[in-house]
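Structure first, then comments.
Values quoted throughout were computed directly from the atomic coordinates according to the rules given, and no laboratory measurement underlies them. Given the structure is predicted, the values throughout are model-derived calculations rather than measurements. Here Cβ is always computed from backbone atoms with ideal geometry, including for glycine, and neighbour counts include all displayed protein chains.
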Amino acid sequence: MRQQLESLVEELKRLKQSGVSTVSVAESSMEGLRQAVAKLSVGEGMSSERTAPLMEEQQVSHTLHARVKTADEANAIFQKVSDSTKNEASAKRTTASSLSHDFLPKEVILPEGSKQEQWEYLRDLVLNCEVCNKHKHDGCKVVFGVGNIDADIFFCGEAPGEEEERKGEPFVGAAGNLLTKIIKAMGLTREEVYIGNIMNWRPETGKRYGNRPPTAEEMAFCLPYLRAQVEVVKPKLIVALGATAAKGLLGAEAVPSMGKVRGKWQMFGETPVMPTYHPSYLLRNESMRIKRTVWEDMLQAMERAELPISEKQKNYFRE
Ligand code: URA
């Protein structure tokens, strides 16, 4: 029980970092939480009278800074929940049936076994994920990462587009073709790197064409799946493609703008992250300067991955 509460706190913390300010929880889930806290308090001498009123709020804000380790900590956490909920009194109160509840992230626990077994377990988990399947477009596929599970470089994009959701593979449309060229210019192939996305489905637009960026809640829901892929692959580094990927990985607060973080090493847990522009941005901006900027980021990635870099490669896109 304690472990589940710890996981919930961790995910709420991640949600906050990725820019979500409010999470709506169904009454049935609130009841479950109340009971969990009550059990914890009974087991560890914390007064359930104190915790019960704290859980009365329909909205659980994730201004949580600690993990549930002791009764006191648990109490403090739920006090913070209550306080922040009061502070956010003006925040809109959505009903229990609102979408948000759908996007309550779940913990992913990898089974014991080889990398391949863990990756296959994860792929099955994601492809059969109820929420992913519920929100994907009709007749389209949930999209999981592809490539080498021993890769040194993990490219992380935003979300599948039309082509990707049809084929069930990340980066296979126009932006994907450009990414493949970038990978080739680095002296690698798609099969030698790992390619994934923050999101596992194409965010619903209600239309067949056009994309929209995922919401913070959608990204936070998928993040445990991405984190688990990173845990399996254990790359030397992640290349975050575009602002949405950077925000999803690093949290919205850490990415005020792409200009602030691009080309500067960041961390996703223990893994270094190189944020750079998304290939679609390159497709829209054909300037040599932008191409060179992205290439300089890739040179940094190559250096960190200890890939050989030729003189020719060093001089690509120099005007
Ligand atoms: N853009 C992304 O960010 N990911 C894809 O898979 C395709 C396009």
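Which shape class, rounded, prolate or oblate, goes with region 192-233 when its Cα gyration tensor gives a ≥ b ≥ c as root eigenvalues, a/c under 1.5 marks rounded, and past that a/b bigger than b/c marks prolate? It comes out oblate by the Cα gyration axes. All other residues whose Cβ lies under 13 angstrom from that of Q266 are scored, Lys and Arg at +1 and Asp and Glu at -1, for a net of +2.
Among C129, C222, C140, C156, a tally of other beta-carbon atoms within 10 Å of each Cβ gives an order, fewest to most, of C140, C129, C222, C156. Among V239, V261, a tally of other beta-carbon atoms within 10 Å of each Cβ gives an order, fewest to most, of V261, V239. Taken along the Cα-to-beta-carbon direction at a fixed 7 Å, the label points for Y281 and K184 span 2.4 nm.
Across the cross-link table entries K181/K247; K247/K291; K115/K141, which are compared at the Cα atoms, there are no separations over 27 Å.
A crude spin-label estimate for the pair M288 and N133, with each label 7 Å from Cα along the Cβ direction, gives 5.3 nm.
Taking amide H as placed 1.01 Å from N in the peptide plane, V239 has its amide H under 5 Å from the amide H of F154, F155, C156, M274, each at least 5 places away in sequence or on another chain.
Net charge of the neighbourhood of E169, taken over other residues with C-beta under 11 Å away and scored Lys/Arg +1, Asp/Glu -1, is +1. Counted by neighbouring Cβ atoms within 10 Å, the residues V131, V233, V143 run from fewest to most as V131, V233, V143.
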